[in-house]
Every structure is written in C-alpha cells, then in structure tokens.
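For reference, the structure discussed in these notes is given below.
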Amino acid sequence: MSSSVLTQVLASSVAIADKAGEIVRDIMTKGNLGIVEKTGKDDLQTQADRSAQDCIIASLAKQFPMLTVVGEEGEQDLTGVPAEWIVSVADPEAAKVTCPDMYKDVAMEDLTVWVDPLDGTKEYTQGLLDHVTVLIGIAVGKKSVAGVIHQPYWNYKSTEPNAPIGRTFYGLIGAGVFGFSPISPPVGQRIITTTRSHGTGLVQQALEVLKPSEVLKVGGAGHKVNLLMEGQAHAYVFPSPGCKKWDTCAPEAILHAMGGKLTDMSGRQYEYHSTVEHMNGEGVLATATISDHAWFVENIPQEIKDGVRSSLKKK
C-alpha cells in the first residue's frame with residue numbers, strides 16, 4: 001500500500017471507479033434505467049447514477065471512515081448497499097505511484113473527494129455511450145490535485161473477439177498521468193469542444209469570436225476534457241454556469257498533471273474545499289496545453305465573461 005494518505009485514497013478510488021463502471025454497464029444491459037428528472041429534461045438521474053454513487057460512497061466510507069466525500073446525487077442511505085458493490089481493496093498499479101514531496105504529509109481531514117458517479121447521464125439514456133464517464137476527484141485544501149476518470153464504454157464499438165471494454169486512467173499533480181498516454185492536438189488548427197445540451201447565446205458568441213477550425217459538440221465534462229487529453233481538441237470552452245465541482249475536480253487534476261489547464265472563463269482557478277459553492281458559476285475554460293490557455297483568456301471578450309455570472313442570476 002502507498003505510504004501517503006493521498007496516494008492511498010487515489011489507489012482505492014481507481015479500484016472503486018472500475019466497480020462503478022461495471023454497475024453502470026450492468027444496468028444498461030438489463031434495460032431498466034429508472035430515469036427521473038431532477039430539475040428538468042436536461043438534468044436527469046438514472047438507476048445507474050444512484051447505484052454507482054452508492055458503490056463509490058460506501059466503498060470510500062468503508063476504507064476511509066474519516067474522509068469527506070461530496071457526491072452529485074446528494075446524501076443517500078447506504079444501509080442497503082449490496083456487499084458485492086463495496087470495494088475494500090486498492091488498485092495495485094495505482095498503489096505504486098510515488099507521492100510528490102509536497103503532498104506526503106497531507107492528513108485525511110485535508111482531503112475532499114468530489115464524485116460524479118455518471119457524468120453524461122442524458123447521453124447515457126440516449127445511447128451515446130462513449131460520452132459517459134465516472135469521475136472521482138481529490139482535493140487537498142482548496143486545490144484539485146488528483147483525479148480518476150473511468151470510461152465504462154471505452155472500446156465498446158470494437159469488433160475484435162473478447163475486446164476489452166472500459167478503461168480507467170488517473171493523474172496526480174507532480175507525479176503524472178497513468179493508464180493512457182496523452183496525445184498533443186494537431187498543429188495549425190483550433191478545434192474547440194463545447195456543450196451539446198446546455199447551449200446558451202454566450203456559447204455561440206464565444207465560438208464566433210474564437211473562429212475555430214472545427215467544433216465538437218459533445219456531452220459530459222469528463223468526455224470533453226478526455227478529447228483534450230487525446231489530442232482531438234485544443235480547448236473546451238463553456239461560458240455558462242452549468243458545470244458543478246464534481247464535473248471538473250477529477251478532469252482538472254488530470255489535465256494539470258499532463259500539462260494542460262482548466263479554470264473559469266477569466267483564467268481563475270476554482271476551489272474545491274468541502275464547503276465551497278457547488279456551481280462553477282463563472283463557466284469553464286480548459287486547454288490541452290498550458291501555453292494555449294492565456295490566448296483564449298485574452299481573446300474571449302469581457303462582455304462574454306461578465307455574461308456568464310449574470311446568466312446565473314437569471315436562473
């Protein structure tokens with residue numbers, strides 16, 4: 001087992017995310033998704049969201065009773081969680097990650113874990129399965145420093161016999177990214193990924209100003225950041241207050257660990273302590289490489305940045 005509290009929680013989160021992905025796939029296979037609207041047709045919850053969160057929260061509580069965990073689906077009764085959903089081990093490869101010196105003395109009470117048990121719920125219900133991720137982000141104090149992204153349906157379209165389905169990758173600032181090799185986006189282009197379901201006038205205004213060579217409208221914050229890591233897009237531009245801390249904590253940490261950057265639309269870092277506002281009220285701007293980030297901050301007009309917060313007030 002890893003010697004530091006932070007890497008112990010990270011290694012266990014990798015194993016737990018794998019199990020949550022199994023549950024997500026099992027529920028889809030059985031076909032009864034149990035869809036309910038939380039705040040409307042663009043804010044759905046399914047049995048997979050509820051069950052995956054049960055798995056993650058109960059497993060973290062068993063392994064780390066003093067750990068603070070914030071989940072998208074709120075407080076849930078964990079007394080009836082099936083024993084087979086509760087993970088009591090860590091991922092052996094992740095347990096080998098060396099904790100950077102700056103985090104070696106972190107205590108359990110310094111950590112907050114942000115959980116999105118199924119990011120891209122709407123896409124899950126629509127069969128856009130490659131948009132779906134399980135996100136477990138770990139903050140030390142106010143800063144996102146480690147994250148796990150599980151893609152339950154990675155490689156699901158493969159025609160190879162016995163092809164593996166699903167993958168988990170993870171990152172720790174100062175240690176690197178594990179589980180896949182980041183790819184740089186193509187030189188000489190400006191490919192932007194943004195929302196497919198929460199579009200506002202501000203999104204379109206930003207795209208008109210930035211003049212991308214291509215726009216990828218996809219679901220799920222985790223999936224959008226994956227596109228940056230896989231070299232399919234240069235930037236994720238979302239001048240709207242639709243994202244929450246559990247959407248961005250894990251992707252931000254992994255992106256920063258590989259040399260990218262995720263902030264609000266003005267270039268300010270979000271904070272991830274347990275008592276912070278859940279809404280990312282100033283939008284999301286992320287780039288695959290840190291050097292590109294300043295260009296986007298500079299070229300997005302101030303009226304668009306100001307409009308993000310004012311659109312939140314209208315809600």
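Below is a table of values for the structure above.
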{"read-out": "Coordinate range along principal axes, alpha carbons of the stretch 208-283, Å, largest first", "value": "40, 26, 22"}
{"read-out": "Apportionment of accessible area to carbon and sulfur, the stretch 85-124, percent (1.4 Å)", "value": "50"}
{"read-out": "C-alpha long axis of helix 302-314 to longest principal axis of the chain, angle in °", "value": "60"}
{"read-out": "Computed [θ] at 222 nm, deg cm²/dmol, the chain (DSSP H ≥ 4; -39,500 (n - 2.57); rounded to nearest 500)", "value": "-10500 deg cm²/dmol"}
{"read-out": "Accessible-area order (highest first, 1.4 angstrom probe) of the listed residues Asp119, Asp130", "value": "Asp130, Asp119"}
{"read-out": "Fraction of beta bridges assigned by DSSP in the chain that are antiparallel (%, nearest 5)", "value": "75"}
{"read-out": "Heavy atoms of Glu303: accessible area, 1.4 Å probe, square angstrom to 10", "value": "130"}
{"read-out": "1.4 Å probe accessible area per residue over the chain, in Å²", "value": "42"}
{"read-out": "Of Lys142/Lys245; Lys19/Lys217; Lys19/Lys122; Lys157/Lys244; Lys30/Lys224, those spanning more than 23 Å from alpha-carbon to alpha-carbon", "value": "Lys19/Lys217; Lys157/Lys244; Lys30/Lys224"}
{"read-out": "Accessible surface, 1.4 Å probe, highest first, among residues Asp54, Asp105", "value": "Asp105, Asp54"}
{"read-out": "Proximal charge balance of Ile57 [Cβ under 15 Å; K/R count +1, D/E count -1]", "value": "-4"}
{"read-out": "Accessible-area value, Lys211, 1.4 Å probe, nucleic acids and ligands omitted, Å²", "value": "140"}
{"read-out": "Rounded to the nearest 10 Å², the accessible area of Lys157 at probe 1.4 Å", "value": "140"}
{"read-out": "0 to 90° range, to nearest 10: angle between helix 5-30 axis and the chain longest Cα axis", "value": "90"}
{"read-out": "Folded to 0 to 90 degrees: helix 201-210 orientation relative to the chain principal axis, Cα", "value": "70"}
{"read-out": "Top of Ala61, Ala107, Ala83 by mean-square fluctuation, Gaussian network on the chain, Cα under 10 Å", "value": "Ala83"}
{"read-out": "Calculated P(r) of the chain - Cα pairs past 23 Å, %", "value": "54"}
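The values are calculated or read from the model by the stated rules, or taken from the named source; none is laboratory data. Keep in mind the model is a prediction, meaning the values are calculated, not measured. In this analysis, Cβ positions are derived from the backbone assuming ideal geometry, glycine residues included, and neighbour counts consider all displayed protein chains. Each accessible area value is taken on the protein alone, full model and side chains, heavy atoms only, with ligands, DNA and RNA left out. Shrake-Rupley method; radii C 1.70, N 1.55, O 1.52, S 1.80 Å.
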